[in-house]
Each structure stands twice: as C-alpha cells, then as structure tokens.
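Undergrad: The structure that follows is given in the form of structure tokens.
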Amino acid sequence: MAGKTALNKEMKHLNGAYFRTINRLKEKERNMKKDITYFGEVEINSPQETTEGTVTIDNHQIELDLNFYDGVPEYDWVEEYGNYIKDLEQHKADVEAAIRADYEDGGDVKEYVDFHLEELDASIIDKVLVGTDASKSKEERLLTALKLKRIGFYPGNENYTVWDYTIGREIADMVVVINTDKTGKINYVTWES
C-alpha cells in the first residue's frame, strides 16, 4: 500500500508538471511576437485591435492599419498578409484600374468626382488640380488627383483590404473606397465619409 501511495504521489507530481509545461507553452504561443512588414513587432495570437504602420509607394507615404475587430483568425494570418503585400504594387495598379473603370461606367467614382466639382469652391478645385494635365476636362483632372492615403488590412474578413483614395483629407471628408479579398480581387468600389 505504501508503494501505491508513493506511485500516486509521483503520478500527481508528473501530471502537475505536465500541465504546467503545457500552460507555459500555451502562454508563450499566445504571446508569440513576429516582425510584420510595415508594422514592426506584433503579438500574432493576441494582437491589439488595431496596429498602425506606414509604407512609401511612388514617393508618397501611405497610412496602414492592421485590424482584428472580429478577433484573430484561427489560421496563419501572417502568411496570408505576407502573400498579399508581396504583390502590393500590383494590387494598387488593379485597384486604380477598378477606379478608372468605375468612373468610365458612370459608377460611384463618377458620382464622387461630380459631387466635389459641384460642391467645392472653384479656388479649392483649382488648388486640387495643380499638377494635373490642363488639356483634359476638370472631371478627368479631378479623377487623376485622387491619391491613395490608407490601406486597412482585416485578416479573417471577406473584405481583406480597404483602400482609401482622396483628393485631400483637408479638402473633403469623403473618400473613394475599394475593398479587395485576400487575393487582391476587387470586391467593390464606392465612396463614403
């Protein structure tokens, strides 16, 4: 009986050590940090709801944000993000082609341009159009004045990225918004505040 008691104590000790080790590993995994391109070091299993970063594209600094409002996906979102950003410039070209196509189809981008040409003072419009091709219509020139200001990433969301274009946040509250999926496929183009 004494041997059985000693064995039970040893089993309890080993069992406790096993669970302490598992808990330490889970805690370490939960707090695992990785260097995420453009965002720096991020706790990949329990990141903040929003992490901010920047990227320079075509000599313009673009605001970035990495968002986990709906929690952290149960798959490798870091790899997914890496796959997306390795083609960031191609995605940007595709987004800008979608903006142009939407404008030419008389969609939301055309509505955005027309709204601002009607609502903004002529002197403000003239400032926005500086540096655009004066041989083109004001509508075309305002379209080319749209600049990328922000890309939001939403791992685990159908609308993986949100691309915000504006003629200037100090000029207009409204932005042209393009959502893509995790592969860069355009989900939709619209404008909003």
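Undergrad: So what's the convex hull volume per residue for the Cα atoms of the stretch 42-87, in Å³?
TA: Working: hull volume 3.5 nm³, N = 46.
Spelled out: Cα convex hull of the stretch 42-87, divided by residues, is 76 Å³.
Undergrad: What relative contact order, as a whole-number percentage, does the stretch 47-91 give when Cα pairs under 8 Å and 6 or more residues apart are counted?
TA: 32 percent
Undergrad: On the full set of protein chains, 1.4 Å probe, figure out the accessible area of Lys147 and give it in Å² to the nearest 10.
TA: 90 Å²
Undergrad: No solvent, one uniform scatterer per C-alpha: report log10 I(q)/I(0) for the stretch 61-193 via the Debye equation at q = 0.14, 0.15, 0.17 1/Å, two decimals.
TA: For the stretch 61-193 at q = 0.14, 0.15, 0.17 Å⁻¹, log10 I(q)/I(0) is -0.65, -0.73, -0.89.
Undergrad: Which net charge results when you count Lys and Arg as +1 and Asp and Glu as -1 among the other residues whose beta-carbon is under 15 Å from that of Gly184?
TA: That works out to -3.
Undergrad: Scan the stretch 141-193 for GluC sites (Glu not before Pro) in coil per DSSP, keeping those whose Cβ has at most 11 other Cβ atoms within 10 Å, and list them by number.
TA: On the way: sites: Glu158, Glu170, Glu192; in loops: Glu158, Glu170.
Of the GluC sites (Glu not before Pro), the ones in loops of the stretch 141-193 whose Cβ has at most 11 other Cβ atoms within 10 Å are Glu158, Glu170.
Undergrad: Counting other Cβ atoms within 10 Å, keep those with at most 11, restrict to DSSP loop, and tell me which GluC sites (Glu not before Pro) in the stretch 74-155 are left.
TA: Glu74
Undergrad: Just to check I understand the Karplus step: with θ = phi - 60° and J = 6.51 cos²θ - 1.76 cosθ + 1.60, what whole-Hz values come out for the stretch 155-160, glycine and proline as x?
TA: x, x, 9, 4, 8, 5
Undergrad: Ignoring ligands, DNA and RNA, how do Leu120, Leu129 rank by accessible area with a 1.4 Å probe, largest first?
TA: I get Leu120, Leu129, largest accessible area first.
Undergrad: Another question about this same structure. When the dipole is taken about the Cα centre of the stretch 31-184, and only Lys, Arg (+1) and Asp, Glu (-1) are charged at their Cβ, what size is it in debye, to the nearest 20?
TA: Using only the charged Cβ atoms, the result is roughly 480 debye.
The values are calculated or read from the model by the stated rules, or taken from the named source; none is laboratory data. These numbers were taken from a predicted model, which means no experiment stands behind them. Backbone-built Cβ (ideal geometry, glycine too); neighbour counts: all protein chains shown. Accessible surface is based on the protein model in full, side chains and every heavy atom, while ligands, DNA and RNA are left aside. Shrake-Rupley method; radii C 1.70, N 1.55, O 1.52, S 1.80 Å.
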